[in-house]
């Protein structure tokens, strides 16, 4: 068992990383002054991992879309038809799970009995029970979930944007799959995927709060069995630089047309990925954040409303894009004005004063998050699953040392108009 202390002298904070004998990476952050405990048990497995190989497969195999999400649903059921939520009710913990493009995670929050809750977490995630009957039963439930998602104009707009931006990458696949794809899922396929992606060498346990680190390790020693590394490898097709489509327009039931503008950039990893993420966030604020001239001008003109927002859709090594979404009676005009503002920023550079304010705000938010147990547990999980080269303290140094010149140098790369797409969901004609 290999133990490492991850420390920030500036914040006088630290957490512990243990490479457990089972193959699992365990991250523990003891916070004595807090009454709650938050724990996440996650795997590097999401909707994009539909083609993979391990030592147990004969080369790469392709599987139906939506299996990662399907497995997440079924792991909460046991062979005696009882629910994991019943077990958590006895400990007083609140539990749930989520599946994203590249992560599946199971988690709980509690104020007491964290030891028993942790045992439940480690046990049920490591105890799959898939049968023909319970898999078929779930198909109807998830099919209904998919149909509900298809009825959401905002979700439809987002999904179409990904299809417009990416030509080959599976990022455009919906996390839940399609009604057609989940109909192809069988217990045998689910076990094959589970064995590949729920290999402890591919997983991370992150726990923060008023914990005893030695007790956590004792529970892991008791619960987790050592297993050989299966050398999991996912296949992703080579993604061309250009986008698939410049514009996708679809009709739907909306009061005001919904739009999403996306900018496709090259994927990267490690510290470069983290730095690029920080810069992208700051450039989005300069471009069309609530303190920007463009945002306020369009708001005053009635071209946009308060629903407008920006975010990054990123995954280390896999994909990187910046997005702007909202409502507008004239999405095309909004897009044109965004492109014009990008051109101005490339020519004139960003506002240095606003940059310094945003920099201080982001640094302060990062420091404040250290006092949130849930945020600490989540961050430890995400950083470790994203890259074994990063810690959650790394972006503090990046934010502190970032310059206006570095941000200006990345505008053309992160907001390349030639690599952008517009998705619109408008009123039914």
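The values are calculated or read from the model by the stated rules, or taken from the named source; none is laboratory data. Every value quoted in this text rests on a predicted model; they were computed, and no experiment measured them. Methodologically, a virtual Cβ is constructed for each residue, glycine included, from the backbone with ideal geometry; neighbour enumeration extends over all protein chains shown.
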Strands (runs of 3 or more DSSP E) contained in region 1-74 and holding at least 3 residues modelled with pLDDT under 95: 2-8
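Inside region 60-75, can you point out the residues that are in contact with a strand residue (DSSP E or B) (Cβ under 6 Å, 6 or more places away or on another chain) and either more than 25 Å from residue 180 (Cβ to Cβ) or surrounded by 15 or more Cβ atoms within 10 Å (Cβ to Cβ) (or both)? Can you show your working first?
Taking region 60-75 first, the residues in contact with a strand residue (DSSP E or B) (Cβ under 6 Å, 6 or more places away or on another chain) are 60, 62, 68-69, 72.
Residues satisfying the conditions are 68, 69, 72.
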Criterion (within 30 Å of residue 111 (Cβ to Cβ) and surrounded by fewer than 21 Cβ atoms within 10 Å (Cβ to Cβ)) met by exactly one of 266, 229, 195, 212: 212
Enumeration of residues in region 313-342 that are out of contact with any helix residue (DSSP H, G or I) (no Cβ under 8 Å at 6 or more places or on another chain), in contact (Cβ under 8 Å) with a residue 12 or more places away in the chain and part of a helix (DSSP H, G or I): 331, 332, 333, 335
Qualifying positions in region 265-297 - under 22 Å from residue 161 (Cα atoms) and more than 25 Å from the chain's Cα centre (by Cα): 295
Residue under evaluation residue 389, criteria (1) part of a helix (DSSP H, G or I); (2) surrounded by fewer than 16 Cβ atoms within 10 Å (Cβ to Cβ), criterion not met: (1)
Single unsatisfied condition, residue 400 versus (1) surrounded by fewer than 14 Cβ atoms within 10 Å (Cβ to Cβ); (2) in a helix (DSSP H, G or I); (3) without any contact (Cβ under 8 Å) to a residue 12 or more places away in the chain: (3)
Residues of region 78-104 satisfying the condition of being outside any helix (DSSP H, G or I), within 24 Å of residue 381 (Cα to Cα) and more than 17 Å from the chain's Cα centre (by Cα): 92, 93, 94, 95
Scan of region 278-303 for residues that are free of Cβ contacts under 8 Å to residues at least 60 places away in the same chain and either part of a helix (DSSP H, G or I) or not assigned by TED's automatic domain parsing to the domain that holds residue 332 (or both), ordered by number: 284, 288, 293, 294, 295, 296, 297, 298, 299, 300
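Yes/no per residue for (1) touching a strand residue (DSSP E or B) at 6+ places or on another chain (Cβ under 7 Å); (2) in contact (Cβ under 8 Å) with a residue 24 or more places away in the chain; (3) over 15 Å from residue 74 (Cα atoms):
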residue	(1), (2), (3)
121	yes, yes, no
129	yes, yes, no
149	no, yes, yes
152	no, no, yes
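Does residue 235 meet the test of being farther than 21 Å from residue 21 by Cβ and touching a strand residue (DSSP E or B) at 6+ places or on another chain (Cβ under 6 Å)? Write out each step before concluding.
Numbers: farther than 21 Å from residue 21 by Cβ: yes; touching a strand residue (DSSP E or B) at 6+ places or on another chain (Cβ under 6 Å): yes.
For residue 235, the condition - farther than 21 Å from residue 21 by Cβ and touching a strand residue (DSSP E or B) at 6+ places or on another chain (Cβ under 6 Å) - is met.
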Region 100-128, residues that are under 27 Å from residue 50 (Cβ atoms) and surrounded by fewer than 15 Cβ atoms within 10 Å (Cβ to Cβ): 127
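Could you list, in sequence order, the residues of region 138-154 that are over 20 Å from the mean Cα position of the chain (by Cα) and assigned to a helix (DSSP H, G or I)? Reasoning before the result, please.
From region 138-154, those over 20 Å from the mean Cα position of the chain (by Cα) are 138-144, 147-148, 150-153; that's our starting set.
Across region 138-154, the qualifying residues are 138, 139, 140, 141, 142, 143, 144, 147, 148, 150, 153.
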Single match in 353, 413, 378 (criterion: modelled with pLDDT of 95 or more, exposed (fewer than 13 other Cβ atoms within 10 Å of the Cβ) and in a helix (DSSP H, G or I)): 353
